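Just below is one structure, and these are the notes that go with it.
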Amino acid sequence: MGVKKLMKQVFTKPKSLTDVPFTYCPGCHHGIIHRLVAEAMDDLNIAEDTIGIAPVGCAVFAYLFFECDMIVAAHGRAPAIATGIKRVKPDNIVFTYQGDGDLASIGTAEIVHAANRGEKITVIFVNNAIYGMTGGQMAPTTLEGQITQTSPYGRDSKTMGMPIRICELLSTLNSPAYIARVALTKPAYIVKAKKAIKKAFQYQLDGKGFALVEVLSTCPTSWGLSPKEANEWLNEKMIPYYPLGEFKNVEEVS
Amino acid sequence: MEERLLMKGNEAIGEAAIHAGCRYYFGYPITPQSELIAYMAKRLLKIKGATFIQAESEIAAINMVYGASAAGGRVMTSSSSPGISLKQEGISYLACAELPCVIVNIMRGGPGLGSIQPAQGDYFQATKGGGHGDYHLIVFAPSSVQELVDLTIRAFSLADKYRNPAMILGDGLLGQMMEPVQFKEFDEKNIPSKEDWALGSSHGRKPRRIVPFDLDPNELEKIVNKLGQKYQDMQKEVEYEVVNIDNPDIVIVAYGSIARIVKTTIQKAKQEGINIGLVRPITLYPFPYAAIEEVANKVDKFLVTEMSLGQMVEDVKLAVKGKSQVSFYGRTGGVVISPIEILQEVKKLLD
Ligand SMILES: Cc1ncc(C[n+]2csc(CCOP(=O)(O)OP(=O)(O)O)c2C)c(N)n1
Ligand code: SF4
């Protein structure tokens, strides 16, 4: 394949993304995740039946980026809003897009109970181990020892707890149909991430139940690293604590 | 459906909502409105396509309302004072996003965990916004079980008309009261279509976006000014009742269950040759300022009675514009004011 053709393929914008330029910092994974979500919507040809919910966080502008009906949630409440939408419009595809402050801190109750009710929704959970939008405070997913604005001497597990592993936590519930953790720091990871995200939508289409994909993500700006260093930090520090893989898959449960 | 049924206030609200086409309810249990959530469970879980969810919290419930309303559903939630406080962020979002819904507050004693007895301490919260930012709810203050029915139905209709949340502000006394009620014929065809703004499938149209924010101050100001214009337009929906207003010695202003108690006071006073008038706001927002001012032109003594330290009295004073003397009598903590207490207060003022 010629380079030109490859370039063309790589840079074709999915139909499910608008022309609005991303507002994310250089090296931030939010943009790649948007792209993978849009590709899944394209592949399944569901954009015109999809309703997306943008969080409060850097991805609040996701409402501008997806070419489908969108609504902006209060901080952390997207799973409850998704529940309300899905119950009124059961034939539509409903997804939430949430950061780790949004989903794993202020919105913990909403995500646990939406998962436990087995709401037929798809959740894209972006774990960047920090609060990006508000300038880099500690998230529930911040690693032990990690320095942030509000853990200036490093996260001390004795007083601040250990980072929360959402996939493992939600996998203890009976109801969820699909729970997986993926990363984007290597081409092979991206392929797996794309598959997982597509599956999380496919399961909703098939009426199988609640599906969540956690994407380990970079925040070079708040981590104070270059995009390249951020990728390395994610590989070296985050993946060992947050193992990749499928934690729950109704298809494979006997 | 025109026969008379004996119903408890809380259940009557639920039946009225379903009668008005409400098919989505999200709530969390709290006394003294628990009969309402139970009634919605009993009825909605048997209606095909309807949804009842006992949410994990009032915060989740109001956000489920936000989603259901955005998707075009006729939707209600209910709670009592502490639960309504938890919902405030969501209510502010609903107002900003111009999403219609009905919120029922069966008030109890506060602040804090307070008591589970009737109170009216949430007047400020209900009528002045309650959550953050510039917004208002349409607020109804029913005074009988029949009014709980009629005003619940009206609340859905005005919520849709203005695309704004509407509130039924009752109290534990009304919620627990049993009275005969009638349900007037309701044609679901009267529910306005939401096809032109609700979220759903976007085949053949541009995607829609419901966005309760704008980081550009000039743009957000436009949104807020639009809301402001809506609140101006809403003023024409004001409703109130006047009793014995021709030539009274004193006029009492009261709403909800206290207004009923005042009616008993009026009868007792008559036997003693004292002539008491009553102005009863039926909508608390919009508030009947003009109607009260008109009375103030003729009567020089007003008494406001509330189950609070004095909240609505501030609006009455604004309405009266200093033309008459406005006094206040209130009880708090869940103590219900008796007709005799009010009469004693009247006598003191007339002395
Ligand atoms: C009720 C409420 N509390 C706090 C905030 C402020 N706030 C906005 S975004 C945010 C954290 C976002 O972090 P995260 O969810 O991790 O997303 P990221 O920006 O990192 O993508 C906070 C605390 C808010 N908007 N609303
Ligand atoms: S602050 Fe972090 S999460 Fe937000 S856009 Fe920038 S890099 Fe991405």
A:Asp69: accessible area at probe 1.4 Å, nearest 10 Å²? 0 Å²
Could you give the dipole magnitude of region B:241-350 about its Cα centre, charging the beta-carbon of Lys and Arg +1 and that of Asp and Glu -1, in debye to the nearest 20? 180 debye
Cα convex hull of chain B - mean projected area over all directions, nm²: 18.9 nm²
Pick from A:Gly99, A:Gly107, A:Gly84: which residue has the top mean-square fluctuation in a GNM of chain A where Cα pairs under 10 Å get a spring? A:Gly84
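Net charge within 12 Å of B:Pro82 by Cβ-Cβ distance, Lys/Arg positive one each and Asp/Glu negative one each, not counting B:Pro82 itself?
Values: positive: B:Lys87, B:Arg108; negative: B:Glu58, B:Asp122.
Every neighbour counted, the sum reads 0.
Given A:Lys120/A:Lys186; A:Lys15/A:Lys228; A:Lys13/A:Lys198; B:Lys128/B:Lys226; A:Lys86/A:Lys195, which pairs have Cα atoms separated by over 21 Å?
Working: A:Lys120/A:Lys186 30 Å; A:Lys15/A:Lys228 29 Å; A:Lys13/A:Lys198 17 Å; B:Lys128/B:Lys226 18 Å; A:Lys86/A:Lys195 24 Å.
Distance filter (> 21 Å) returns A:Lys120/A:Lys186; A:Lys15/A:Lys228; A:Lys86/A:Lys195.
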The summed charge of the A:Lys15 Cβ neighbourhood (under 13 Å; Lys/Arg +1, Asp/Glu -1) stands at -4
Charges only on Cβ, +1 for Lys and Arg, -1 for Asp and Glu: so what's the dipole of region B:152-276 about the Cα centre, in debye to the nearest 20? 380 debye
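I'd like the per residue volume of the convex hull spanned by the Cα atoms of the protein assembly as shown, given in cubic angstrom. Walk me through the numbers before you get to the answer.
On the way: hull volume 105.9 nm³, N = 605.
In the protein assembly as shown, the Cα convex hull volume per residue is 175 Å³.
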Please compute the average number of Cβ atoms from other chains found within 10 Å of each residue's Cβ in peptide A:88-95. 5
Per-residue mean of other chain beta-carbon atoms within 10 angstrom of the beta-carbon, peptide A:44-57? 3
Relative contact order of chain A, pairs being alpha-carbon contacts under 8 Å that are 6 or more residues apart, as %: 19 percent
Against the longest principal axis of chain B, how steep is helix B:9-19, in degrees 0 to 90 to the nearest 10, with axes from Cα atoms? 40 degrees
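Could you order A:Arg35, B:Arg331 by accessible surface area, starting with the largest, using a probe radius of 1.4 Å? Please report the intermediate quantities before stating the final value.
Values: A:Arg35 65, B:Arg331 85 Å².
Putting A:Arg35, B:Arg331 in descending order of accessible area: B:Arg331, A:Arg35.
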Region A:103-254: Rg/Rh from Cα coordinates, Kirkwood Rh? 0.98
Quick one: grab the alpha carbon gyration tensor of region B:18-156, order the square roots of its eigenvalues as a ≥ b ≥ c, and give me rounded if a/c is under 1.5, else prolate or oblate depending on whether a/b is larger than b/c. rounded
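Arranged from highest to lowest average of other beta-carbon atoms within 10 Å per residue, in what order do the peptides B:167-178, B:315-326 appear? Spell out each step's value before the answer.
Details: B:167-178: 24.8, B:315-326: 18.2.
Top to bottom by mean Cβ count within 10 Å: B:167-178, B:315-326.
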In degrees between 0 and 90, to the nearest 10, how far off the longest principal axis of chain B does helix B:58-70 point, with axes built from Cα atoms? 60 degrees
Largest fluctuation, A:Leu184, A:Leu225, A:Leu234 only, Gaussian network model of chain A with Cα springs under 10 angstrom, belongs to A:Leu225
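The values are calculated or read from the model by the stated rules, or taken from the named source; none is laboratory data. What you see is a predicted model; the values in this text were computed from it and never measured. We place every Cβ from the backbone using ideal geometry, glycine too, and count neighbours over all the protein chains shown. Side chains included, ligands, DNA and RNA excluded: accessible areas come from the protein's heavy atoms. Shrake-Rupley method; radii C 1.70, N 1.55, O 1.52, S 1.80 Å.
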